[in-house]
Amino acid sequence: MLQTFASSISSLLDARADGHSLPAGLYTRQDVFEADMDVFFRKHWICIGLECDVPEPGDATVVDIGTSSLIILRDDDAAIRVVRNVCRHRGARILDPGPTVVSKLVCPYHQWTYELSGELAYAPHMGADFDKSCKSLKPVAFRLIGGLIYACLSDDPPEDIDFLAEVMAGRLAPYDIANARIAHQADVIEEGNWKLTIENNRECYHCSANHPELCVSFIDLDFGFDPDSLSPEDREVAREHEALYARRTENWEAEGYPSKAVERLSDCVTNFRTQRLIISGAGESQTPDATSASSKLLGHMTRKDTGDTHLWGHNSWNHFMGDHAVIAIVIPLSADKTLVRTKWLVHKDAVEGVDYDFDKLTSVWLATTDQDAELVARSHAGVKDPAYVPGPYSRFSETNLDKFASWYIDRMRANGY
Ligand code: 3BY
Ligand code: FES
Ligand code: FE
């Protein structure tokens, strides 16, 4: 059904008040969803997967982003390629979504056959004068950053991805994510707009009431309180917490583990934030008791006590710990449905039941992801209600949401909305 809207997207952007959540239409409207897909999922760099999604030559996996479909594959020379999943004959999809193993890419429709390089090798009945050389599968711009694959569907990808690559290369090198193994993957479809998914991830205001499992190991970044409202005892705890952050960060930095926060959350094209976070309690890992789930540490890691290197992008969040990493990729499916794809990574030689316990590895983020899906659905349902008016973000625990919302508005404007 064709939907028409009385107000323009531009007037919705104008209506956003600083320090407040977005006007409802920016979360709910179909025209805004299409604009979001164009601006944030075609013109910006997005995280689409991992090098270790395709560990061997011939491994391929298909990731759909809106109406676009991408094939991530490892070619015969063991190099990663990302190509469009659109046959150069009459456009049919070549592979179905998800992982597979191929020796060539054969379109099921009329069997045009492509090398793993994307070159067209065989096109039956097209005549002797047919020039195959200009019918390769279309390549997609991509960057490999610490084992993560970022892609940009535009012909003119933003150049400031270089800064993200520069910051993260050293921070992620010891984890050797490119050679890790995916121990588990879980796809959850949240019944809410992708911006509510990201907002929900950017704060821990909701954590203590909703994430009992995560709270064993996770400490809020923004501390989450108004210092003036604290009792003297709580203020003391808060001070200790801040001092612990400062001490650990200083020690890690001195030991050669980059830890200080680097953020590009506003006045930038490519939005990201990274910091080495401290882990509560036993201090090792995001598990039910905060001790490592895997006795084989990731990559070249030799210590369990190097905290949690977190990395946020506008469609992902990641936690890299000594023994495992958790990677979450966000792909909008419609204005009110968002896929959250979570992957748990361990050392490639770690054996389930010997080096790690599957439940210990996955239970915290499986629970957290379900709890967050419930919160995002609850949030989207309320935002759709005519009674919704944008509400104030906490100055103490939701500053990152304000930065995200402001970046969103700026990027929409920069793209002509
Ligand atoms: O994934 C994150 O970045 C965390 C987990 C809980 C809230 N958020 C700040
Ligand atoms: Fe692919 Fe015809 S559409 S071979
Ligand atoms: Fe949460």
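One line per residue, one yes/no per condition, for (1) farther than 30 Å from Pro23 by Cβ; (2) under 20 Å from the mean Cα position of the chain (by Cα):
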| position | (1), (2) |
| --- | --- |
| Ser316 | no, yes |
| Val330 | no, yes |
| Leu333 | no, yes |
| Trp344 | yes, yes |
| Phe358 | yes, no |
| Gln371 | no, yes |
| Glu374 | no, yes |
| Gly382 | no, no |
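Residues in the range 109-125 that are touching a Leu at 6+ places or on another chain (Cβ under 6 Å) and in a strand (DSSP E or B): Tyr114 only. You will find that of Gly147, Gly98, Gly118, the residue that is at positive phi, of a type in the set (Gly, Ala, Ser), more than 16 Å from ligand 2 (Cβ to nearest atom) and buried (at least 16 other Cβ atoms within 10 Å of the Cβ) is Gly147 and no other.
The set of residues from the range 252-265 being surrounded by 12 or more Cβ atoms within 10 Å (Cβ to Cβ) and touching an Asp or Glu at 6+ places or on another chain (Cβ under 7 Å) comprises just one member, Ser259.
Within the bounds of the range 240-251, is there any residue that is touching an Asp or Glu at 6+ places or on another chain (Cβ under 6 Å), under 30 Å from Ser379 (Cβ atoms) and surrounded by 15 or more Cβ atoms within 10 Å (Cβ to Cβ)? No, that holds for no residue. Condition first: closer than 24 Å to Met412 by Cβ, surrounded by fewer than 16 Cβ atoms within 10 Å (Cβ to Cβ) and either touching a His at 6+ places or on another chain (Cβ under 9 Å) or not charged (D, E, K, R) (or both). Can you find one or more residues in the range 47-58 that meet it? No; the residues of the range 47-58 include none that is closer than 24 Å to Met412 by Cβ, surrounded by fewer than 16 Cβ atoms within 10 Å (Cβ to Cβ) and either touching a His at 6+ places or on another chain (Cβ under 9 Å) or not charged (D, E, K, R) (or both). Considering the range 87-127, and only residues there that are of a type in the set (Lys, Arg) and in contact (Cβ under 8 Å) with a residue 24 or more places away in the chain, the residue that is nearest to Arg74 (Cα to Cα) turns out to be Arg93. Each residue in the range 312-359 was checked for being in contact with a strand residue (DSSP E or B) (Cβ under 6 Å, 6 or more places away or on another chain), more than 22 Å from Met301 (Cβ to Cβ) and among the polar types (S, T, N, Q), and 2 of them qualify. Kindly list, by first and then second residue, each pair from a residue in the range 8-27 that is surrounded by 12 or more Cβ atoms within 10 Å (Cβ to Cβ) to a residue that is acidic (Asp, Glu), limited to pairs with Cβ atoms under 8 Å and residues at least 6 apart or on different chains. That search, which allows pairs on different chains as well, returns Ile9/Asp31; Gly19/Asp402; Ser21/Glu199.
Checked against (1) within 15 Å of ligand 1 (Cβ to nearest atom); (2) surrounded by fewer than 19 Cβ atoms within 10 Å (Cβ to Cβ); (3) modelled with pLDDT of 95 or more, Asp355 passes all but a single condition, namely (1). For the range 124-139, does any single residue satisfy the condition of being aliphatic (A, V, I, L, M) and under 24 Å from Cys47 (Cβ atoms)? For the range 124-139, residues aliphatic (A, V, I, L, M) and under 24 Å from Cys47 (Cβ atoms): present.
Residues in the range 20-42 that are part of a helix (DSSP H, G or I) and basic (Lys, Arg): 0 in all. The residues in the range 243-262 that are free of Cβ contacts under 8 Å to residues at least 40 places away in the same chain and either in a helix (DSSP H, G or I) or farther than 26 Å from Gly170 by Cα (or both) can be counted, and the count is 10. Scanning the range 68-84 for residues that are within 23 Å of Ala178 (Cβ to Cβ) and either buried (at least 16 other Cβ atoms within 10 Å of the Cβ) or within 16 Å of ligand 3 (Cβ to nearest atom) (or both) yields Leu70, Ile71, Ile72, Leu73, Arg74, Asp75, Ile80, Arg81, Val82, Val83. Val101 fulfils the conditions (1) touching a Gly at 6+ places or on another chain (Cβ under 7 Å); (2) under 26 Å from Asn315 (Cβ atoms) except for a single criterion, (2).
The values are calculated or read from the model by the stated rules, or taken from the named source; none is laboratory data. Keep in mind that this is a model prediction, so the values were computed, not measured. Methodologically, a virtual Cβ is constructed for each residue, glycine included, from the backbone with ideal geometry; neighbour enumeration extends over all protein chains shown.
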